[in-house]
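The structure appears right after this line, and notes come after that.
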Amino acid sequence: MIRILIFLAVVFALGLGFAWLADRPGDMVITFNGYQYQVSLMVAAVAVVAVVAAVMILWWLVKSLWNSPYT
């Protein structure tokens, strides 16, 4: 029961954080090798969350393959 409450609290906090970001427009500018990349702050936050989720899923797959008794 406590795990469900913690999960719901984390989801609620993420929702509040993204709502707060959506209400405050801004841009993120990265200059690399003479090129300027400009994205909104919300797009950058979603990209960071997507990359973290992809790395976590990839890590889980590699770990489960490594620990599998059938390999």
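The values are calculated or read from the model by the stated rules, or taken from the named source; none is laboratory data. The shown structure was predicted, so the numbers you read here are calculated from the model rather than taken from an experiment. Cβ coordinates were reconstructed from backbone atoms using ideal geometry, including for glycine residues, and neighbour counts include every protein chain displayed.
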State yes or no: is A45 under 16 Å from the mean Cα position of the chain (by Cα), assigned to a helix (DSSP H, G or I) and modelled with pLDDT of 95 or more? no
I'm trying to understand the selection: among the residues of region 20-42, which are surrounded by 10 or more Cβ atoms within 10 Å (Cβ to Cβ) and assigned to a helix (DSSP H, G or I)? L21, A22, L41, M42
Members of region 1-42 that are in contact with a strand residue (DSSP E or B) (Cβ under 8 Å, 6 or more places away or on another chain) and among the hydrophobic types (A, V, I, L, M, F, W, C): M28, V29, I30, V39, L41
